[in-house]
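Since the structure comes first, as structure tokens, the remarks are kept for the end.
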Amino acid sequence: MFRNLLHEVTGIGIYQMFSLLVFTGFFVLIALWLFKTKKEYIDEMSNKPLE
Amino acid sequence: MQTEKFQYDNRIVRNFAIATMVFGIVGMLVGLLVAIQLYEPAANLGNQYTSFGRIRPLHTNAIIFAFVGNAIFMGVYYSLQRLCKSRMYSDVLSNIHFWGWQLIIVAAAITLPLGLTTSKEYAELEWPIDIAITLIWVVFGWNMFGTIIKRRERHMYVAIWFYIATFVTVAVFHIVNSFELPISLFKSYSFYAGVQDALVQWWYGHNAVAFFLTTPYLGMMYYYLPKAVDRPVYSYKLSILHFWTLIFLYIWAGPHHLLYSSLPDWAQSLGVAFSIMLIAPSWGGMINGLLTLRGAWDKVRDQPVLKFFAVGITAYGMATFEGPLLSLKNVNAIAHFTDWIVAHVHVGALGWNGFMTFGILYWLIPRIYQTKLHSNKLANFHFWIGTLGILFYAVPMYWSGFTQGLMWKEFTESGQLKYEFLDTTKQILSLHVFRSIGGTLYLTGTIVMVYNIVKTMTAGKLVANEDAEAPALESNYAPTGHASYWHKALERKPMTFMVLSIVVVLIGGAVEMLPTFLIKSNIQTITSVKPYTPLELHGRDLYIREGCVGCHSQMIRPFRSETERYGEYSKAGEYVYDHPFLWGSKRTGPDLMREGGKYPNSWHYNHMIDPRTMSPGSIMPAYPFLAEQSMNVSNIKDKINAMRTLGVPYEKGYEERALQDLQAQAKTISDNLASEKIKIESDKELIAIIAYLQRLGTDIKLTNSAAN
């Protein structure tokens with residue numbers, strides 16, 4: 001069955017682990033930046049369409 | 001600081017708006033026709049050019065690329081100019097983009113009914129049109145980046161990020177999925193085969209949803225919703241977070257279209273995991289949209305524009321919650337191949353894309369014509385009949401989907417399948433009638449809108465060039481302190497921003513696809529699987545031309561309910577010579593993976609001439625023309641050569657004998673039919689189709705019977 005296929009591809013688990021780590025790292029980076037962003041800048045940007 | 005005077009180009013926005021409305025009506029009309037064909041086979045109109053298999057792709061292409069495509073360009077051209085405080089970079093590029101795109105649509109409208117198709121969903125157009133799409137897309141990107149570069153705003157508002165991500169990603173996946181080897185002006189074979197072709201196709205298909213139907217509309221939501229409600233977006237921070245996570249995650253989710261298929265398991269699991277995670281950024285967008293309306297719900301009561309936006313965003317939320325659910329393997333086991341998927345995509349298309357487009361049209365047209373909307377009453381009528389239309393469409397389709405999915409899997413107490421496939425088809429016919437009523441209501445609303453908009457246009461006068469002024473950007477700007485943070489720096493550098501979004505998007509594609517392409521053990525070879533004979537290959541091309549893949553899958557999933565009904569489940573190694581793959585995504589008719597040898601040739605002959613003689617109650621279109629048209633075998637040599645180039649092991653010099661083999665095999669079939677008193681010349685197209693159908697899945701059947 002299909003499960004056998006997974007066993008035959010050795011070390012395939014690394015792809016899942018890699019994906020998860022890359023995403024987590026990426027997410028943390030964006031979140032950190034947002035945390036550091038000042039309110040004035042955010043207010044200025046969010047009013048752009050209304051100018 | 002010196003103020004510069006300039007003018008916004010409203011004419012190009014108006015042109016795209018007109019194209020949006022025209023192709024909206026056309027695409028929906030074709031949709032209605034195909035919907036009726038699914039319960040009334042006579043609606044195929046008795047000719048090959050309007051049979052379901054050929055015009056179903058016409059409907060999907062018209063809605064996605066003509067209606068939604070033009071709406072995107074309309075929305076982007078208006079908002080980009082204002083957000084950049086600059087006219088579009090070049091009027092010439094704008095016009096080339098507009099007319100080029102309309103020509104592509106016309107080319108699609110001509111070639112698809114003629115049966116000139118690659119058969120890959122939402123990428124059906126043949127290679128010359130693919131090249132044209134690439135060129136026009138580059139023109140769009142050039143014009144967009146030109147505008148962004150000469151902008152008078154230091155930072156790019158979040159809507160522009162969505163537009164940039166749309167541009168780069170569509171370019172990447174269109175090119176990757178369109179790798180094909182041309183054989184003639186309008187015929188090509190996919191560069192990839194079987195499992196790999198399926199993976200590339202659904203990486204494309206899923207991201208067409210993501211980056212053509214979603215990201216540009218989110219960008220437009222972030223511009224037009226604050227405009228219409230006259231207040232900033234609920235949370236700009238949330239918009240940043242959900243932008244980056246959305247474009248990162250979406251690209252991984254493609255394999256959820258291939259669950260329980262012959263795609264390697266690890267790739268399926270990856271697709272599921274990322275699909276579930278995708279709920280978060282999708283709902284980030286929905287919540288941000290809906291909460292922008294907080295404290296302004298009184299406006300929603302008064303303004304039709306906001307009603308359309310509110311329902312559109314809600315539909316987006318529903319569809320993006322349902323999508324991850326459908327990608328769970330246990331849900332997918334029932335939902336896949338059924339009308340449930342049709343309901344799901346139409347909540348997105350009718351609700352999200354349709355209603356957002358209508359809202360933007362109602363908001364934008366009066367502004368560029370400097371007048372008021374002709375009738376708020378008619379717009380309200382449109383809103384209600386459109387909403388009813390969505391309900392009358394979606395509810396019967398959900399019902400029909402559950403019914404199909406459950407009936408296909410039901411066994412009797414003695415362990416036999418309870419229903420024939422045809423029983424399940426007949427069971428849902430009335431629901432299909434209701435669906436077409438829903439579609440008619442929605443179309444009626446759209447026609448009312450077009451009337452309302454045309455009246456508005458005639459009452460006002462187009463301000464083709466709208467005066468505006470803004471201070472020029474300082475050329476020697478040096479960011480200090482807080483302004484020097486990396487993301488803000490990035491927002492000042494559109495090209496770097498573009499490259500970074502490509503990188504983010506490519507990570508997912510690379511991790512998913514490279515192993516499938518590079519690790520040989522991912523696709524086990526099966527020695528008994530042999531290349532198609534020339535006649536079967538020709539038959540396969542006719543199967544592609546007629547769009548059979550639109551209703552018949554060739555993928556038996558490893559469930560008892562499927563192996564009992566169709567035979568041995570499908571193996572990855574069975575598809576290694578399939579350029580393109582023909583797994584299909586919908587079972588309006590039964591799976592054909594192991595059709596070979598199931599019925600005699602005469603059954604197929606009679607069934608193709610009139611399906612209802614062999615299967616009373618069948619809704620399949622009749623194909624009498626296949627028995628009249630002669631095969632065009634002039635390029636059989638080129639086909640064999642092309643297949644060999646793609647890695648199919650035809651022996652050297654076989655192309656010289658191919659025609660001879662083709663004719664000999666055709667003669668055996670026509671002789672066999674003659675012995676059953678069916679007179680047909682051996683050069684007719686029907687013979688090739690029969691040869692192909694009789695071959696399907698037999699390579700493995702033969703091994704098994706030999707082993708026994």
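Compare the peptides B:194-201, B:276-283, B:546-553 by average per-residue count of other Cβ atoms within 10 angstrom and give them in order, highest first. Please list the in-between numbers first.
On the way: B:194-201: 25.5, B:276-283: 19.2, B:546-553: 23.2.
Sorting B:194-201, B:276-283, B:546-553 by mean packing, highest first, produces B:194-201, B:546-553, B:276-283.
Would you compute, from DSSP H runs of 4+ residues alone, the mean residue ellipticity of chain B at 222 nm, taking -39500 (n - 2.57) per run and dividing by the full residue count, rounded to the nearest 500? Don't jump to the answer; show the numbers that get you there.
Working: 30 runs with 442 residues, N = 708.
That calculation yields -20500 deg cm²/dmol at 222 nm.
Output the pairs from B:Lys299/B:Lys377; B:Lys150/B:Lys227; B:Lys227/B:Lys307; A:Lys36/B:Lys237; B:Lys150/B:Lys461; A:Lys48/B:Lys237 with a Cα-Cα distance over 18 Å in this structure; if there are none, say none.
On the way: B:Lys299/B:Lys377 15 Å; B:Lys150/B:Lys227 24 Å; B:Lys227/B:Lys307 14 Å; A:Lys36/B:Lys237 11 Å; B:Lys150/B:Lys461 29 Å; A:Lys48/B:Lys237 14 Å.
Pairs exceeding 18 Å: B:Lys150/B:Lys227; B:Lys150/B:Lys461.
What's the angle, to the nearest 10 degrees (0 to 90), between helix B:11-37's Cα axis and the longest principal axis of chain B?
30 degrees
Roughly how crowded by other chains is peptide B:240-250, in terms of the mean Cβ count from those chains within 10 Å of each of its Cβ atoms? The partial results should precede the final answer.
Numbers: counts 7, 5, 1, 1, 7, 5, 0, 0, 5, 3, 0.
Shielding by partners across B:240-250 averages 3.
Considering only B:Thr440, B:Gln2, B:Gly401, whose Cα is most displaced toward the positive end of the charge dipole of chain B, charges sitting on Cβ of Lys, Arg (+1) and Asp, Glu (-1)?
Sorting the options by dipole projection puts first B:Gln2.
Hey, which lysines would be in cross-link range of B:Lys684, C-alpha to C-alpha under 25 Å, not counting anything within fewer than 8 residues on its own chain?
B:Lys187, B:Lys530, B:Lys598, B:Lys637, B:Lys639, B:Lys667
Measuring from a point 7 Å past the Cα of B:Ala472 along Cα-to-C-beta, which residues in the stretch B:1-37 have an amide N at less than 20 Å?
Those under the cut-off are B:1-8.
Which GluC sites (Glu not before Pro) does the stretch B:600-678 hold that lie in a coil by DSSP with at most 10 other beta carbons within 10 Å? Don't jump to the answer; show the numbers that get you there.
Details: sites: B:Glu628, B:Glu651, B:Glu655, B:Glu656, B:Glu676; in loops: B:Glu651, B:Glu676.
For GluC sites (Glu not before Pro) across the stretch B:600-678 that sit outside H, G, I, E and B with at most 10 neighbouring Cβ atoms in 10 Å, the list reads B:Glu651.
Per residue of A:24-35, how many C-beta atoms from partner chains lie within 10 Å of its own C-beta, taken as a mean?
Values: counts 0, 0, 6, 8, 0, 3, 8, 5, 0, 9, 7, 1.
What the average comes to for A:24-35 is 4.
Where does each of B:Trp161, B:Trp266 land when they are ranked from fewest to most other beta-carbon atoms within 10 angstrom?
Values: B:Trp161 25, B:Trp266 21.
With the fewest neighbours first, B:Trp161, B:Trp266 line up as B:Trp266, B:Trp161.
To the nearest 10 degrees, how steep is helix B:429-459 against the longest Cα principal axis of chain B, on a 0 to 90 scale?
Taking Cα atoms only, the helix is inclined about 30 degrees.
Partner chain Cβ atoms within 10 Å, averaged over the residues of B:506-513 - can you pull that number for me?
On the way: counts 0, 5, 3, 0, 0, 6, 2, 0.
Mean partner-chain Cβ count within 10 Å for B:506-513: 2.
Each value in this text was obtained by applying a stated rule to the coordinates, not by laboratory testing. All figures in this text were calculated on a predicted structure; none of them were measured in a lab. As a convention, Cβ positions derive from the backbone with ideal geometry for all residues, glycine included, and neighbour counts pool all protein chains shown.
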